[in-house]
Amino acid sequence: GNSVTQMEGPVTLSEEAFLTINCTYTATGYPSLFWYVQYPGEGLQLLLKATKADDKGSNKGFEATYRKETTSFHLEKGSVQVSDSAVYFCALSDGGGADGLTFGKGTHLIIQP
Amino acid sequence: DVKVTQSSRYLVKRTGEKVFLECVQDMDHENMFWYRQDPGLGLRLIYFSYDVKMKEKGDIPEGYSVSREKKERFSLILESASTNQTSMYLCASSSTGGYGSPLHFGNGTRLTVT
């Protein structure tokens, strides 16, 4: 079956540091890949997505590139802010119908001023 | 913007009670989902629905049922609540627009069963 693996954290960084959250996946076929973010007390919201190999998704200064050869979709940001503190989820959809979305366990990110 | 509204942010119920969690979306989405979120376990799919009156079991359906009588509304039912159902419950919806369609989530209902 499909699976998504990401570091669980917590990951603690200082403001303006460079961020990388690793995500690797296992899937048959050619899945779409997503990053969701969950701010304290809220539900998940889509941060960015990529639907085919070598696509780069980007939003709010975050980027991730779909790497089929390494089955990875690492999230990066050049300079983090305190407001980026949240839980980040990597996910994939294999097109197998409405049930085809698989989530990683989430990475808790803490940014200190 | 898509809005997914869950009727309660916090609920406290007693063991054995029947519990209803309600979810409404306003974007005419075909697909709706119920997940539970627990520390260290991430999101686990309970049930989903791809059309009115249709439902499919997810990964952890035991102890739960669902109802979808109207397209915009998807209800999760705990027939007899137990303490191991204390959790954060998240509702989501998506359109049937290919496998690149993202999920849109509500803000969650934190249920405590005592």
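A short reminder: the numbers here are calculations on the coordinates, not readings from a lab. Please read these numbers as outputs of a predicted model, since none were measured by experiment. For neighbour counting, all protein chains shown are included, and Cβ atoms are generated from backbone atoms with ideal geometry for every residue, glycine included.
One equal scatterer on each Cα of the protein assembly as shown, no solvent, Debye formula: the resulting log10 I(q)/I(0) at q = 0.17 Å⁻¹ is -1.23.
Computed from point charges on the beta carbon alone (+1 for Lys and Arg, -1 for Asp and Glu), the dipole magnitude for the protein assembly as shown about its Cα centre is near 460 Debye.
Taking the Cα centre of chain B as reference, the dipole from Cβ charges on Lys and Arg (+1) and Asp and Glu (-1) amounts to some 320 debye. Sorted ascending by nearby beta carbons within 10 Å, beginning with the fewest, A:S85, B:S95 become B:S95, A:S85. Note on the stretch B:66-111: Cα convex hull, mean projected area over all directions, 4.2 nm². Based on alpha-carbon atoms, the Kirkwood radius and the radius of gyration of chain A give Rg/Rh equal to 0.96.
Convex hull volume per residue, computed on the Cα atoms of the stretch B:11-94, equals 87 Å³.
Over the stretch B:17-84, what relative contact order in percent results from Cα pairs under 8 Å that are six or more residues apart? About 37 percent, as a whole number. The slack in the chain from A:E16 to A:D55, taken as 0.36 nm per residue of separation less the alpha-carbon distance, amounts to 11.4 nm. Debye sum, Cα scatterers, the stretch A:23-71, no solvent: what log₁₀ I/I(0) at q = 0.13, 0.15, 0.16, 0.18 1/Å? Summing over Cα pairs of the stretch A:23-71 leads to -0.33, -0.43, -0.48, -0.59. Each of A:F62, A:V80, A:Q112 was scored by the projection of its Cα onto the charge dipole of chain A, and the greatest displacement toward the positive side belongs to A:F62; charges sit on the C-beta of Lys, Arg, Asp and Glu.
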